[in-house]
1. Of [x] 6, 25, 34, 25, 10, 1; [y] 6, 26, 33, 22, 10, 3, 0; [z] 5, 13, 10, 8, 7, 7, 6, 6, 6, 6, 5, 4, 3, 2, 2, 2, 2, 2, 2, 1, 1, 0, 0, which is the value of P(r) over Cα pairs in 10 Å bins from 0, in percent derived from the coordinates here?
2. Run the numbers for GLU80 and ASP103: contour at 0.36 nm per residue of separation, minus the present Cα-Cα distance, in nm.
3. Net charge near SER278: determine it from the other residues with C-beta under 15 Å of the C-beta of SER278, scoring Lys and Arg +1 and Asp and Glu -1.
4. So, by mean Cβ neighbours within 10 angstrom, what's the order for 277-285, 129-137, 116-124 with the highest one leading?
5. Helix-derived [θ] at 222 nm for the chain: sum -39500 (n - 2.57) over DSSP H runs of at least 4, divide by residue count, nearest 500?
6. What order do you get for 70-78, 180-188, 87-95 when each peptide is scored by the mean count of other beta carbon atoms within 10 Å, highest first?
7. Too long at a 18 Å Cα-Cα cut-off: which of LYS72/LYS258; LYS57/LYS258; LYS71/LYS304; LYS57/LYS184; LYS215/LYS288?
8. Can you work out the accessible area per residue across the stretch 86-137, with the rest of the protein chains kept in place, probe 1.4 Å, in square angstrom?
Amino acid sequence: MDSEKRETFIPNKFKEYFSSENESDKYVFSNSRNDFAIFPIEQWLHQLKLPIYPHRKSVSSILFLRSGTAKKSCGLDSYEMEKDSVFIVPQGYLNSTQNISADASGFYCHFDFSIFPLIPVKKLKKNFSFLFTDEHPLMRLSPISSEFLSLIFNRLMIESSNNKKDLNFGLISSYLIAAFQEMKLFIPEKHSEEFSRYAQITSDFKELLYNEVRKTKSTSDFAEKLNITPNHLNKSIKTATGQTAKELIHEALILEAKNLLYESDLPIGEIAFELGFSDQAYFSRLFKQLTGTSPHDFRRMIEKSK
């Protein structure tokens, strides 16, 4: 299996995460479109195999909890979801789901930006940057906004159910824009202008990091690609996150390692080599330092959960 296919799920391939042998229980992904789908969490939760280990999807996704809790990750960070919260995973970002409580209710929605026929992606990125980076994946809504968002998602459910083969993307995209506007209200306000510059550099670094971590390893190389000095890059990242560029690079490499351990049967040594480690022992030490377990034990945990 080539690396691109190994790393990225098309939505209707994602049904392998469901444990039921009954195909009707797997309708969510087997019958849904790859460009847009929406369904209630409580309708499929009991069939979902958890945890879902780090993976990428070819679409952006939204998990909206009206009740219950969940633990998810996007990029390098983990988050605890509670009721009236939204979690957004941008297209292509490594993410995982550690847990969703049995009493959870709400909606899951995924979409491709091709379904916005009247709005260029560049404009969407300018107005809703949180759809394209992991800077603010978790949003905690007010009860009123949660109710409003639920009405929007229910309307999207009706449109999706009634017109499965011929979806009205003009209508769907309009409702999604309204949902994005509501979510945007809960993005934390920007800090000082200086901090915002540091945050922007850090965001640009992370986007580059996730796309090129297998090819680019050193802080100086990333700084060169961003047209800034290594010192300025480190200062920006340290100010915005409290970590160094090297620490984030190591965390991104281990996240890639988890993805490969789950999605491939490559030996540990080959995974280390593919990630640019010439010393397998050093790779294993770093993996255990950052995760608390060895690559071998992590793979055994995965095998037991399948």
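1. The listed entry that was calculated here is [x].
2. Working: separation 23, 0.36 × 23 = 8.28 nm, distance 1.52 nm.
Taking 0.36 nm per residue and subtracting the Cα distance, the gain is 6.8 nm.
3. Its environment carries a net charge of 0.
4. Values: 277-285: 14.1, 129-137: 19.2, 116-124: 12.2.
Packing proxy ranking, top to bottom: 129-137, 277-285, 116-124.
5. Details: 13 runs with 144 residues, N = 306.
Value at 222 nm, helices only: -14500 deg cm²/dmol.
6. Details: 70-78: 18.4, 180-188: 14.4, 87-95: 21.9.
Ranked from most to least packed, the peptides come out as 87-95, 70-78, 180-188.
7. Numbers: LYS72/LYS258 15 Å; LYS57/LYS258 15 Å; LYS71/LYS304 20 Å; LYS57/LYS184 23 Å; LYS215/LYS288 23 Å.
Result: LYS71/LYS304; LYS57/LYS184; LYS215/LYS288 exceed 18 Å.
8. Details: 2140 Å² over 52 residues.
Spelled out: the 1.4 Å probe surface of the stretch 86-137, per residue, equals 41 Å².
The values are calculated or read from the model by the stated rules, or taken from the named source; none is laboratory data. Worth saying up front: this structure is predicted, and the values here are computed from it rather than measured. Positions of Cβ are backbone-derived with ideal geometry, glycine not excepted, and every protein chain shown enters the neighbour counts. These area figures cover heavy atoms from the full protein model, side chains too; ligands, DNA and RNA do not enter into them. Shrake-Rupley method; radii C 1.70, N 1.55, O 1.52, S 1.80 Å.
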